[in-house]
Each structure stands twice: as C-alpha cells, then as structure tokens.
Amino acid sequence: SGTFYVEGAGYAKKFNAITHEELASNYNFTSTHYVIGDNPNGHEVRISRYSRALNFSKDGLTLRGIGVRRYASCLADSGTVYCGKNTMNNLTVENVVIEDISAGPGMQIGTSDSAVRRCTVRRCGLMGFGISGDRVTVERCRFTENNHRLFNYGPYGGSIKTGRIEDPMIRYNWFESTKGHALWFDECSIRATVHGNLFTDNWGVGIIFEISDRIIIADNIII
C-alpha cells in the first residue's frame, strides 16, 4: 500500500553522466504499465510524465503570476523551475505558486542579483528552493509542508538551502510545517541576512548556518 512501480524500456541511456543536467537530458523512458499498490476505485489517479516546467537562459527575465504544479521532478532535474548558475543574472519572480512537486526542488535559483517576491511554495517533494546565486533576495513568500515526500533532512530535505553564495537576503517570509529544516545556509554562505521571518511548526531546525561566515539574524520568530 502507498507504493508504485513503472514498467518500461530504454531507461537512462547514459549512466556515466557527469552533471545533473546531463543526466536529466539523457533519460529516455518509454512506459508501458503503471502499477500501484492501492485500489483506485472511487479515487482520482494522476500520473505526470513531465519533470521540468521552465528553464531560464537569458538575463533580466521576469516570471510573474503563474502556477506550476504536479510536475514529476527528481533530484537530477535540479528544480521544476530552473535558473542555471552562471548562465544568466537579474531574474525576477513574483506572485508565482509552485506546489505538489513529486520528488525534487520546486525552484533552483543559480542566478545572481535576483529577487523572489510574494510567492507560495508548498508540498514540494524534496525542497522548496535551492539557491546557488549571489545577492539573491527572497521576501514575503510562504513556504508550507516542503520535503513533503519525507526524504532525509540531510543533505537536502527542507524549504530553502543555499551553498557557496554571497550576500543572500531572506526577509519577511513564513516557513511553516516544513518536514525537515526550514532555512539552511551550507558551506561558504557569506554575509547572509535573515530578517523579520516567521518559523512555525517545522519538523527540523529553523535556521542552520553551517561552515559559513558572517550572518545577521534579527527580528525573527521561531516557534
């Protein structure tokens, strides 16, 4: 009960892929049967064959006012909404809802000098946001029940995780009911600011600042 498997042919043509992007681009799976361990009578069954909704590749783009839901993303996809590191800058994301992502991050922000405002990120299977760009601001967003598929808290499960970045700003957000760590700065996150956030009912740690340097944590409530 509660489990499934997929029968098919041609899965993962290239097993020696070096990067997540290369691995994801070489999946070629032709499914023949979906087998679920529960009786579907009287229920709705949904199956997604799409893993990434958007892939940004230009400077100065704006994503505003749309919803992204029920994508079958996994860790190899790096994010249902993907903004690759060192490929673009100055991304703006506003009033976007990302929800019910099966087994991956809702969004990967590798772009520097970018801002995410007034977004809702809920029930992402592994993690809400991954941040790997410098000078990224996340403000007035709501993160609810991320790591919904109950992956181990380390190394990824939670709402936001950063690594090897400078000057991130996390302010005026609400992190609630994360099924893991809510906000995790990891390895060489430098000059971070965490201001005016609310953390409620998270299963793991509210704020982690690990192997990093210089942070201001002010006017937050952690319950």
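The values are calculated or read from the model by the stated rules, or taken from the named source; none is laboratory data. From a predicted model like this one, the values you see are computed outputs, not experimental measurements. Positions of Cβ are backbone-derived with ideal geometry, glycine not excepted, and every protein chain shown enters the neighbour counts.
Structural remarks
Conditions (1) over 19 Å from Ile98 (Cα atoms); (2) among the hydrophobic types (A, V, I, L, M, F, W, C), marked per residue:
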| site | (1), (2) |
| --- | --- |
| Arg123 | no, no |
| Ile131 | no, yes |
| Thr137 | no, no |
| Arg149 | no, no |
| Tyr156 | no, no |
| Asp167 | yes, no |
| Trp203 | yes, yes |
| Ala218 | yes, yes |
| Ile222 | yes, yes |
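Residue by residue, here is whether (1) farther than 20 Å from Arg164 by Cα; (2) among the β-branched types (Val, Ile, Thr) holds:
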site	(1), (2)
Val35	yes, yes
Arg49	yes, no
Phe56	yes, no
Thr62	yes, yes
Ser73	yes, no
Thr92	yes, yes
Ile101	yes, yes
Asp113	no, no
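- Wholly enclosed strands (runs of 3 or more DSSP E) of segment 1-91 bearing at least 1 residues modelled with pLDDT of 80 or more and either among the small types (Gly, Ala, Ser) or at positive phi (or both): 67-69
- Only residues that are under 18 Å from Ile109 (Cβ atoms) and buried (at least 19 other Cβ atoms within 10 Å of the Cβ) were counted across segment 187-207, and they come to 4.
- Only one of the numbered conditions (1) surrounded by fewer than 21 Cβ atoms within 10 Å (Cβ to Cβ); (2) under 22 Å from Thr144 (Cα atoms) is violated by Ile109, and that is (1).
- Test: residue in segment 155-173 that is under 16 Å from the mean Cα position of the chain (by Cα), surrounded by fewer than 16 Cβ atoms within 10 Å (Cβ to Cβ) and without any contact (Cβ under 8 Å) to a residue 60 or more places away in the chain: yes
- Ile160 vs. criteria part of a strand (DSSP E or B) and touching a Leu at 6+ places or on another chain (Cβ under 6 Å): yes
- Considering residues of segment 115-146 that are under 9 Å from the mean Cα position of the chain (by Cα) and assigned to a loop (DSSP other than H, G, I, E, B) only, the residue farthest from Ile190 (Cα to Cα): Gly125
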